[in-house]
Amino acid sequence: MTLEEIRSQFEYTDWANYRLLDMVDTVFGNGADLRTGDPRRGVIQETALHIADSLRVWRERWEGGNPDRFLDPTEYPAPADLRAIFDEQRERLWRFLDTLTGDHDLQRVVHARSMSGESRSMPLWQMMQHVRTTPHTIAARLQFWYGRWATTTPFPTLILPSTTSARDLLAKISAT
């Protein structure tokens with residue numbers, strides 16, 4: 001794994017994150033409280049916040065910290081709030097990436113604790129790979145919830161068939 005590959009993967013992660021935020025903005029409106037109405041709106045809000053919080057928690061670990069709590073979802077009820085935390089965490093992540101000077105930095109073993117206090121040690125590049133896959137988590141969860149809502153049998157596939165399907169899903173949830 002090279003630093004150039006890591007940077008490229010985080011560029012994709014940014015693209016995927018902001019594409020999801022744009023869809024949520026379009027369907028619900030920038031100031032909508034996602035915690036009200038259909039419970040699936042709250043799932044979207046909590047899942048999006050989880051993605052932003054993952055960027056924060058892992059970056060703090062890479063920088064030598066050990067965060068001991070997750071962000072409070074009640075502080076980020078609207079799409080505008082989610083976008084603000086994504087913007088902040090994206091900026092901090094790229095500042096960290098700018099401190100890496102070469103591929104050798106990715107081999108550094110990071111020693112950190114999980115939120116439950118479990119010790120973990122692994123090369124930086126492996127931790128970065130874990131975080132980079134997080135945007136796919138929201139696709140899986142949205143697909144799962146769409147399956148539960150649209151049919152009697154959920155179909156928990158790992159990816160959405162297209163962005164149109166995701167947009168349709170969000171539109172149906174916002175209408176209920």
Quick one: compute the contact order of region 1-135, relative version, from alpha carbon pairs under 8 angstrom and 6+ residues apart, as a percent. 33 percent
Residues S114, S54, S121 in order from fewest to most other beta-carbon atoms within 10 Å are S121, S114, S54
Starting from the Cα gyration tensor of region 1-99, multiply each eigenvalue by 5, take the square root, and state the resulting semi-axes largest first in whole Å. 26, 16, 10
Linear extension gain, Y18 paired with Q129, 0.36 nm per residue minus alpha-carbon span: 38.1 nm
Scan around M122 for amide H atoms under 5 Å from its own, H built in the peptide plane at 1.01 Å from N, and keep only partners 5 or more places away or cross-chain. V110
Reported to two decimal places, what Rg/Rh ratio describes region 43-136 when computed on Cα atoms with Rh from the Kirkwood expression? 0.98
Between T2 and D103, what is the label-point separation in nm under the 7 Å Cα-to-beta-carbon projection? 0.7 nm
Order by neighbour count: I85, I44, fewest other Cβ atoms within 10 Å first, most last. I85, I44
Inter-label distance for R69 and S121, nm, one decimal - labels placed 7 Å from Cα along Cα-to-Cβ: 3.0 nm
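Coordinate-derived values only; no laboratory data. Every value quoted in this text rests on a predicted model; they were computed, and no experiment measured them. We place every Cβ from the backbone using ideal geometry, glycine too, and count neighbours over all the protein chains shown.
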